[in-house]
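So the structure is just underneath, and the comments pick up after that.
The values are calculated or read from the model by the stated rules, or taken from the named source; none is laboratory data. Since the structure is predicted, the reported quantities are computational estimates derived from the model, not experimental observations. Methodologically, a virtual Cβ is constructed for each residue, glycine included, from the backbone with ideal geometry; neighbour enumeration extends over all protein chains shown.
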Amino acid sequence: MSIDQLIYNCKNNDTKAQGELYNLFSSKLFSVCLKYSRNYAEAEDNLQDAFVTIFKKIEQYKNKGSFEGWLKRITINTALQCYRTQGVFDIVNDDLIEDEAITIKDESDISIDYLLQIIQELPDRYRLVFNLYVLDGYSHQDVAGLLKITTGTSKSNLARARQILKDKITEYKTRLNSQSL
């Protein structure tokens with residue numbers, strides 16, 4: 001069945017088509033949920049909530065633009081919703097820190113798993129901004145809109161996230177170098 005036919009059937013509340021859509025996109029959307037959740041269980045809950053929203057709002061998809069992108073936006077918004085209601089960003093001010101990119105000169109001794117782990121360990125406010133801006137390519141203005149914060153707070157949180165990651169990578173590399181001596 002084509003994706004257009006699958007969407008059409010989902011718009012008609014066909015549960016078999018909904019199951020197929022879930023099977024087709026759940027693994028990709030779960031990886032999105034993992035980026036924006038504190039842990040695996042929360043990511044599972046966010047995925048289920050996202051699909052409930054997707055099936056409720058699928059009538060709004062007008063077959064223009066990327067369907068997968070539409071699904072991803074709903075999933076990100078669903079995952080972010082719990083942070084909006086918890087006031088994760090309330091105590092952050094607009095103190096701007098110089099925004100500098102992290103450059104890893106010799107990444108051969110740093111695994112992707114370690115990088116993902118330290119990103120996941122970032123405090124919520126920093127992890128969310130980092131993921132939206134760096135990994136998903138949103139602008140600071142878009143991040144601010146999604147998280148209901150100011151653009152300055154977005155920039156400040158990104159800079160702080162990058163500094164934390166830079167410090168953890170430096171510490172990790174120092175440990176590796178001392179073990180190899």
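Worth a mention:
- Remark: Lys57 matches the filter, which requires a residue to be outside any loop (DSSP other than H, G, I, E, B), basic (Lys, Arg), loosely packed, with under 15 Cβ neighbours inside 10 Å and not assigned by TED's automatic domain parsing to the domain that holds Gly145.
- The single residue among Ile164, Ile112 that is crowded, with 17+ Cβ neighbours inside 10 Å and either under 23 Å from Val32 (Cβ atoms) or modelled with pLDDT of 95 or more (or both) turns out to be Ile164.
- Filter result (under 15 Å from the mean Cα position of the chain (by Cα) and surrounded by 14 or more Cβ atoms within 10 Å (Cβ to Cβ)) within the stretch 60-72: Trp70, Leu71, Lys72
- Residues within the stretch 115-152 that are of a type in the set (A, V, I, L, M, F, W, C) and more than 17 Å from Arg84 (Cβ to Cβ), tallied: 8
- The C-beta contact set for the stretch 121-140 (first residue within 14 Å of Ser156 (Cβ to Cβ) and in the same structural domain as Glu42 (by TED's automatic domain parsing), second residue surrounded by 22 or more Cβ atoms within 10 Å (Cβ to Cβ) and of a type in the set (A, V, I, L, M), distance under 7 angstrom, 6+ apart or interchain) is empty.
- Restricting the stretch 16-44 to residues that are at pLDDT 95 or above and polar (S, T, N, Q), the residue that is surrounded by the most Cβ atoms within 10 Å (Cβ to Cβ): Gln18
- Of the residues examined, Ile149 is one that is of a type in the set (A, V, I, L, M, F, W, C) and outside any helix (DSSP H, G or I).
- Of all residues in the stretch 130-143, those being assigned to a helix (DSSP H, G or I) and either of a type in the set (Val, Ile, Thr) or surrounded by fewer than 20 Cβ atoms within 10 Å (Cβ to Cβ) (or both) number 5.
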